[in-house]
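A short worksheet on the structure shown next.
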Amino acid sequence: MRSPSAGLRSVGGGRTGQERTIGRRSVWRRFLRAREGATAVEFAMVAAPFFVTLYAIVQVSLLYYAESMLETGVAEAARMIRTGQAQSASMGENEIRALVCGHVFGLINCNEGLVVDVRAFPSFEDVAVPPAVGGDGELAAGTYNAGAGSEVVIFRVFYSYKLPIPDTVTGLSNMSGGRRLMAASAAFRNEPF
């Protein structure tokens, strides 16, 4: 004889709460044991930090390369001033800026944010230059005085480089607003021209 409740289904798909819990555990265990797609999951976990680190390495490399090229440009322009070629050709700040920018190969924007500061002094003891960054956190304005023969010249170039990666990743920012101060300088005595 059949039980009166034999033909009735229980609410919830015919499973009790305990059966559902056991079923969930077995699904979880099967998921943990499964190896299909494990590589894709592992790659997904490692990909974001890997690509952020790779991008940071490339950005830091470009930053230091640009700074090296800026130093090369300053050395070449300083030679023009030291030998008197810049003074005899009546080269001004714009021409000196163009000489420096000719060496950076588009890595920095020479039209915006590049400060050229050339100061002449009678002797090394008289040298006094202001800081590159003012109290407001911005680059100070530069002056241009290439000096006469046998004068001491301090030639400085500054650039405020906007870092595309947040400072929390690279720790390279040394100015406000996530920027890095790039600087190149030369100190020399002009030849007696």
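The values are calculated or read from the model by the stated rules, or taken from the named source; none is laboratory data. If you're wondering where the values come from, they're calculated on a predicted model, not measured in any experiment. Don't worry about glycine lacking a Cβ; one is built from the backbone with ideal geometry, like all the others, and counts go over all protein chains shown.
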Just the residues that are farther than 18 Å from Glu71 by Cα, under 24 Å from the mean Cα position of the chain (by Cα) and buried (at least 19 other Cβ atoms within 10 Å of the Cβ), please, taken from the range 140-169. Leu163
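Every residue, every condition in (1) of a type in the set (Val, Ile, Thr); (2) assigned to a helix (DSSP H, G or I); (3) surrounded by 12 or more Cβ atoms within 10 Å (Cβ to Cβ); (4) within 26 Å of the chain's Cα centre (by Cα), yes or no:
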| site | (1), (2), (3), (4) |
| --- | --- |
| Thr39 | yes, yes, no, no |
| Glu42 | no, yes, no, no |
| Val52 | yes, yes, yes, yes |
| Ile57 | yes, yes, no, yes |
| Ser61 | no, yes, no, yes |
| Tyr65 | no, yes, yes, yes |
| Gly73 | no, yes, yes, yes |
| Ala77 | no, yes, yes, yes |
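Out of all the residues in the range 40-87, which are without any contact (Cβ under 8 Å) to a residue 60 or more places away in the chain, among the acidic types (Asp, Glu) and closer than 20 Å to Ala120 by Cα?
Looking only at the range 40-87, we keep the residues that are without any contact (Cβ under 8 Å) to a residue 60 or more places away in the chain, and these are 40-51, 53-54, 57-58, 61-62, 64-65, 68-69, 72, 76, 79-80, 85.
This time we only want the ones that are among the acidic types (Asp, Glu), so: 42, 76.
Selection gives Glu76 alone.
Working carefully through the options Ala140, Ala89, Ala120, find the one that is closer than 26 Å to Phe193 by Cα and in contact with a strand residue (DSSP E or B) (Cβ under 9 Å, 6 or more places away or on another chain). Before you say what the answer is, go through the steps one by one.
Values: Ala140 fails: closer than 26 Å to Phe193 by Cα; Ala89 fails: in contact with a strand residue (DSSP E or B) (Cβ under 9 Å, 6 or more places away or on another chain).
Every option except Ala120 fails the conditions.
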Which of the following residues is hydrophobic (A, V, I, L, M, F, W, C) and at pLDDT 95 or above: Val104, Val118? Val118
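For the range 103-126, how many residues meet the condition of being within 32 Å of the chain's Cα centre (by Cα) and surrounded by 13 or more Cβ atoms within 10 Å (Cβ to Cβ)? Steps first, please.
First, pick out the residues of the range 103-126 that are within 32 Å of the chain's Cα centre (by Cα): 103-119.
Filter once more, keeping what is surrounded by 13 or more Cβ atoms within 10 Å (Cβ to Cβ): 103-104, 107-110, 113-119.
Number of matching residues: 13.
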For the range 91-102, state whether one or more residues are more than 21 Å from Pro130 (Cα to Cα), in contact with a Gly (Cβ under 8 Å, 6 or more places away or on another chain), without any contact (Cβ under 8 Å) to a residue 60 or more places away in the chain and surrounded by fewer than 18 Cβ atoms within 10 Å (Cβ to Cβ). yes
